[in-house]
Every structure is written in C-alpha cells, then in structure tokens.
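No lab work stands behind these numbers, since they all come straight from the coordinates. Note that the structure is predicted; figures quoted are calculated from it, not measured. So basically every Cβ, Gly included, is an ideal-geometry build from the backbone, and we count neighbours across all protein chains shown.
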Amino acid sequence: MGRKSHLKYDASHNLQRFWWALLTNLLRRLSCPRFAALSQMMKVGKTIRRLLPLLFWVSFVTMLLIGNYTSAIAQPPRPEIRGVWLTGNDTDTLSDPLKVQNAVTQLHRLNFNTLYPVVWNAGYAMYPSAITQQMGIQPFTYKGMDGQDTLADLIAQAHRQSLLVIPWFEFGFMAPPTSELAMKYPHWLTQKRDGSQTSFSDAGEVVWLNPFRPDVQKFITDLVLEVVTQYDVDGIQFDDHTSLPSEFGYDTYTTALYTKETKKAPPASPQDPAWVRWRADKITAFMVQLNQAIKARKPGAIVSVSPNYYEFAYKLHLQDWLTWVQRNLVDELIVQVYRPDLPSFLEHINRAEIQETQQKIQTGIGILTGLRNKPVPMHHIQSQVQATQERGLGVSFFYYETLWNSAPEPVTARQSGFQALFPYPALRSSLGG
C-alpha cells in the first residue's frame, strides 16, 4: 500500500474510531441511573431515549459514507471509452490539415476521447513504412495535401486536444488476393481443405496470411513495433481480422506442424473441437509474444482488441479473445455489435463474457453510425449508446465520416445528438500517463 493510501486509510480509521467512542460514551452516560434521574427531572429523558436509535443509525450511516468516500478517492473510476474509427473512407478529411484540426476540435468539444485511425489495410501500410518498402511493396500511404505524414499530423492535433490516438491494424492477417503482399509472398498464404485460398468478407474476396508461420508473425510484429517506435501513439488496436476463419489451416506447413505435435492428421471437419482449440491456442501464443514485444518497446501502450462477440470469434475465427483478457494480454476491449434493431443489440451486450471483461479492463461496444449506402438515424444510435451507458460500458463508432458529414440528419442535429449523449468530459490517459 502506497504512502497516500496509508494516509487515507489512517484518516478514515481514526474518524471511525472517533464516532464509535462518541457513541459509546453517549450510551454509557444515558444508561447511568443518575443521568436517568436527572433527565426525568428535566423532562427530557424520554425524548433522548427515543432519539437513541436515530443517533445510532446516523453514526452508522456516516461511517459507511466515510468508508465509501475514501475508497472512491483511493480508486477513482476509469473514464468511459468514447471513440471513433477513422477508415479509408475518411481520406478526404485526413489529407487536409485544416479539416483534421476542425474534426479533432469538434470531437473534443463533443467530449470524445479516443481516435482509432487505420494503419494497416488491404495489404498496405497507411504510413511511410520502411518494412514494406524493404519487402518490395510499393508505399501506399496517406500523404496529405502538403505532402505531410497524415498519421503524424493527426496524432499531434489530437494530443493538443487531449484525445488518445490508438492506431488500428484493420486487416490483420487478411489481404486482397491481388495485393502485392499476396502475390510476392504466396507461400505465406494458408488454404482450405479443398485447396482454395480465398474467402469473402465485407472487404470482398480475400486471402489469409498463415498466422502459424514464424515469418508471418515476424512481419506483423515488425509492423506493429514500427508504428509504436515511429509515432507518439497511445496504443495499438487489433480487430476481428487478427484471426483465421476456421475453414483455413489445411496448408502444407500447418498440417505438418499439427501432425508433428499431435501425431494425428488434421480432422476433415474444420469445426472439430480439438482442431479448433489447437489453432486458437497457436494464435493466442502469438498474441503473448506480440504483447511482450509492444510492452518492451513502450510499457504504457494500450493493447486494444475489437473483435466480434465471443462465440462467433472463437468458433468461426479461432480468436479466443476471452482467454487473451484472462491472461492479461489485452488492456482494452471493444466488441463490435453492429445490429439493426435494439433487441438484438441488447442480447449481445448482455453476454456474460462482456460482463466478465468489464470487471477486469476498460470495455466498450462498437456501434455502427452508418455506411456509404446505409445511413443510420440518430435516434437509433442514441438508443444503443444509452443502453451501453446504463451498463457502464464505453463506446466506439464506425466510422468518422458517418458521424455527421454523411448522415440522414443535418450536421447540427447530429452533433447535438452526440452532445446529449456525452454532456461532460471524460479525459483518458495511456497506461503510463
């Protein structure tokens, strides 16, 4: 226990002792025959005796309040997450320094506290990456109107307004089949049992880097450490694509490794429990190494994960994020719950694993504010945010442009709606801050 904690404990303890001594002395005097006789003569004895229970409960409640108050001082509540993802669709804003400044100022005014800008998408680094260039992958970066590094500019502007910046590795192990990464390193790709290498996602047709290969793990780790080292970030976020669809893992490398370790051939069914567990454990082992590498480079960095709900994530994507939380590999969790109706939304945010995680680390819910061709009305957003707040959960919105620039209501109406949701500031700090 630290020195300040000791002082708070001593003050509370001494004050409680004072109240007990005062109450005991009062009770002793009131029970004295001489005092009782005097009280009767003064016609107040009965009144005082009637007040004894009240005095006792006032003292008792006072001591409880003192104890709770000092505990609250010793362990202040953590500010809720109020974040927004900045995606490839936000390029127009990110490329213009004035628009970045206005966006950050507006988010600060509306009491947001965290930005999650994409830095890894479609097989390309969204910043000047020496690592991808050394691999022969042409740089695909957000260069601003003035030739500026847009990530560095966003971080500087956000920190001036006291917002955290946690870059987001959106694509994880996923990449388009036509990307330079997939074409230059075909041996890094895994496959299904029938030999096919592609699946379909919200990003279209994609291939998957093999998360069990040491060279793939090193590549992802090097990119993460490059961002942590090169920029003044507050953390790093991995999402539902730091995983592998359960149909994959039947490539030569993985099947040989499984056979070597288990003395069995991989099961024909991708959903075989032992086969699912073995692959999920391998991804967890990689997360252990990745967490250690990040913390060694920047101890105060927030390791954030934004997965799908647990049953889906584990069974269908081999992403055992609940174990990651239990093993202290994650500092922040934001579960994506993009649901069109409130009952389905409530069903997912009431899940036991979210309640368990909430007791351990900062936990939030990802809420959809709209897509290019699918606007979401403000009343729908508000009902979902209010439901998360009632449960003590934070929130992050997907994505910035649909907060108010591309929305079904006027800009002023949307901004007023968010102001009503976040009427007071909630400043956050990195783990080392």
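The table below gives the values:
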{"read-out": "Spin-label model distance (nm) - Asp146 vs Gln358, 7 Å beyond Cα toward Cβ", "value": "4.4 nm"}
{"read-out": "Shape call, segment 188-303: gyration tensor on alpha carbons, a/c limit 1.5", "value": "prolate"}
{"read-out": "Alpha-carbon centroid distance for the pair segment 112-177 / segment 354-400, whole angstrom", "value": "24 Å"}
{"read-out": "Extension gain, Ser162 back to Tyr424 (0.36 nm per residue minus Cα-Cα distance, nm)", "value": "92.9 nm"}
{"read-out": "Ratio Rg/Rh [Cα only; Rh per Kirkwood] for segment 82-421", "value": "0.96"}
{"read-out": "3J(HN,Hα) from dihedral phi, segment 350-367, Karplus parametrisation 6.51/-1.76/1.60, rounded to Hz, x for glycine, proline", "value": "8, 5, 4, 5, 6, 5, 5, 5, 4, 6, 10, 9, 5, 10, x, 10, x, 10"}
{"read-out": "Principal axis dimensions, largest first and in whole angstrom, of segment 80-125 by Cα", "value": "34, 27, 13"}
{"read-out": "Estimated FRET transfer efficiency when R0 is 45 angstrom, pair Ala285-Ala413 (beta carbons, to 0.05)", "value": "0.40"}
{"read-out": "Spatial separation of Cα centroids for segment 227-285 and segment 301-316, in angstrom", "value": "14 Å"}
{"read-out": "Among beta bridges that DSSP assigns inside segment 247-405, antiparallel share in %, nearest 5", "value": "15 percent"}
